Amino acid sequence: MKKRITKDAGAWALANRKLLNFLMIVMVAGGAVAFYNMNKLEDPEIKVKMAMVVTTYPGASAHQVELEVTDVLEKNIRSMKDIEYVSSRSMNDLSIITVQLSTLVKNSDVEQHWDILRRKATDVAGKLPEGASKPVVMDDFGDVYGIFYALTSDGFSDSELGKYAELVKREMQEITGVAQVNIYGERDKCINIELYEDRMATLGVHPAEALMTLEGQNKTAYSGYYESSGKRLRLSVNDKYRTTQDIENLLIQGHENDQLRLGDIARVTESYEAPVRNEMRYDGQKAAGIAISALSGTDITKIGKQVEARLESLKANRLPAGIELHKVFYQPERVNNALGDFMLNLLESIVIVIGILMLTMGFRSGLIIGTSLFVVVAGSFLVLNLFDGTLQRVSLASFVLAMGMLVDNAIVIIDGILVDLKRGKGRREALTAIGRKTGIPLLAATMIAILA
């Protein structure tokens, strides 16, 4: 009487060798393509479920800010759903409200909640006192600036350096996959007006008169239309200040109905705000920082190549001699190094495993285990890419742990096959029986390791 072999995965594989070989080729080839196309990052993306509502109220005390601004905004914000907590801080001139969403909120729904938060803040903007700014919702804490350059200049003014930094910023924003480009260390320009007390006393001009005259200047005002013969022409008054000389020529009404120029009682100069809030230096030189962040779900290594190509084009065609770009932090290199180390470790582990197993279990056993290790890892890349996964430190560490489990399970199976062959069992029975015996225990052990 012939022994009946139970139909299981091992028996099916032996009966369909051509199909199994084809699936292995697909896993290896698909894994290689997935490894190239998969998004690569240094660390996994984390969706920050926290936002801040910032409102300025210049001249107000902390008590006024609390009663007139913070309390009004906070009551309306608390009517939102899915909020973990709301905390506020009222200071002189400033109100800060922190909103934390519930951890149960899906990552895909976070942006929708921030849109609701903006609407809640805008709804009560009309109830805020005169002098308070519009509430600003800050929710971009999850952005990571993975590429940072220092732009230095030799023989150029701060103004010229700022213009070239803006040029680089515009070029970087045109790259597909770039989320934000910020300039760090850029100084804000300002107009300084120094009043001469002796001249004001001589001409009989009070400082308040000069300030009141300046307050109402340079504003866009409705100037009306001119209608004639069925045609309507828009009127405009071209009184915008373009130079400091225009400000010096501003007329001030005196006490005795006489008119004076601002330049008669003050000195007008153009400079930068002081003290400096943010200043950057690179090797002792004044510099402007160019910080670049990538969109969620993009490959930072590919974006890095595009950034470098665009910068090389700028250096060759549009940036003058003396304007230099220096790498301060370049995440694509760190990601490439991490991936290179992983692939090297993978190949080393496969060679070491095969070598040791060939010495202890025989040439064919070591070759089979090493091949299975390589095929499964390649197939894992394919599956990870299908589920929009990314290659970063956490996923690479998971691969290292998974390889240990694969080797352990493969050794158990191969050892069981060798034992059954020595006991005289047929080759087909030896290849399938060990899977039926150890399948459930190995699955349970693997699941425990994964859960742990």
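The values are calculated or read from the model by the stated rules, or taken from the named source; none is laboratory data. If you're wondering where the values come from, they're calculated on a predicted model, not measured in any experiment. Every residue, glycine as well, gets a Cβ built from its backbone with ideal geometry; the counts of neighbours run over all protein chains shown. Calculation scope for accessible area: heavy atoms of the full protein, side chains included, ligands and nucleic acids excluded. Shrake-Rupley method; radii C 1.70, N 1.55, O 1.52, S 1.80 Å.
Some values worked out for this structure:
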read-out	value
Furthest towards positive pole of dipole, 344, 83, 57, structure part the chain, Cβ charges	344
Prolate/oblate/rounded call for segment 64-152, Cα gyration tensor, a/c under 1.5 rounded	oblate
Using a Förster distance of 60 Å, the FRET efficiency for residue 102-residue 12 (Cβ separation, nearest 0.05)	0.80
Simple Cβ-charge dipole of segment 31-87, Lys/Arg +1 and Asp/Glu -1, about Cα centre, in debye nearest 20	220 debye
Rounded tilt (10° steps) of 331-361 against the dominant C-alpha axis of the chain	10 degrees
Whole-Å distance, taken between Cα centres, linking segment 245-310 and segment 19-54	42 Å
3J(HN,Hα) from dihedral phi, segment 59-67, Karplus parametrisation 6.51/-1.76/1.60, rounded to Hz, x for glycine, proline	x, 8, 6, 4, 5, 5, 4, 4, 6
Segment 1-159 shape via C-alpha gyration tensor axes, a/c threshold 1.5	oblate
Estimated FRET transfer efficiency (residue 188, residue 50; beta-carbon r; R0 30 Å; 0.05)	0.60
Charge dipole (debye, nearest 20) of the chain; +1 at Cβ of Lys and Arg, -1 at Cβ of Asp and Glu	4040 debye
Rounded to the nearest 10 Å², the accessible area of residue 143 at probe 1.4 Å	60 Å²
Cut-off under 5 Å, modelled amide H: who pairs with residue 48 long-range	142
Backbone HN-Hα couplings from phi across segment 269-275 [Karplus 6.51/-1.76/1.60, Hz, Gly and Pro as x]	10, 10, 8, 10, 4, 9, x
Inter-site label distance for residue 315 and residue 249 at 7 Å from Cα along Cβ, in nm	4.5 nm
Gained length - residue 408 relative to residue 428, 0.36 nm times residue gap less alpha-carbon distance	4.9 nm
Cβ charges +1 (Lys, Arg) and -1 (Asp, Glu), total dipole of segment 29-164, debye	500 debye
Selection from 153, 214, 384, by position along the positive dipole direction of the chain (Cβ)	384
Top positive-direction residue, dipole computed over segment 91-140 with Cβ charges, set 137, 94, 121	121
Extension reserve of the residue 400-residue 37 stretch, reckoned as 0.36 nm per residue once the Cα distance is removed	128.6 nm
Mean accessible surface per residue for the chain, computed with a 1.4 Å probe while every protein chain stays in place, in Å²	62 Å²
Rounded tilt (10° steps) of 17-37 against the dominant C-alpha axis of the chain	20 degrees
Cβ-derived FRET efficiency at R0 56 Å, residue 235 paired with residue 156, nearest 0.05	0.85
Structure-derived semi-axes √(5λ) of the Cα gyration tensor in Å: which label, when the choices are (1) 90, 47, 17; (2) 49, 21, 18; (3) 70, 28, 20	(3)
Theoretical ellipticity at 222 nm over the chain - DSSP helices of four or more residues, -39500 (n - 2.57) apiece, nearest 500	-16000 deg cm²/dmol
Note, ³J(HN,Hα) from phi for segment 380-389, Karplus 6.51, -1.76, 1.60, rounded to Hz, x at Gly and Pro	5, 4, 4, 5, 4, 5, 5, 9, 6, x
Computed lengthening from residue 228 to residue 170, 0.36 nm per intervening residue step minus Cα-Cα distance	16.4 nm
Rounded Å value of the spacing that divides the Cα centres of segment 407-423 and segment 349-366	14 Å
Carbon and sulfur %, accessible surface of segment 242-397 computed with the full protein complex present, 1.4 Å	54 percent
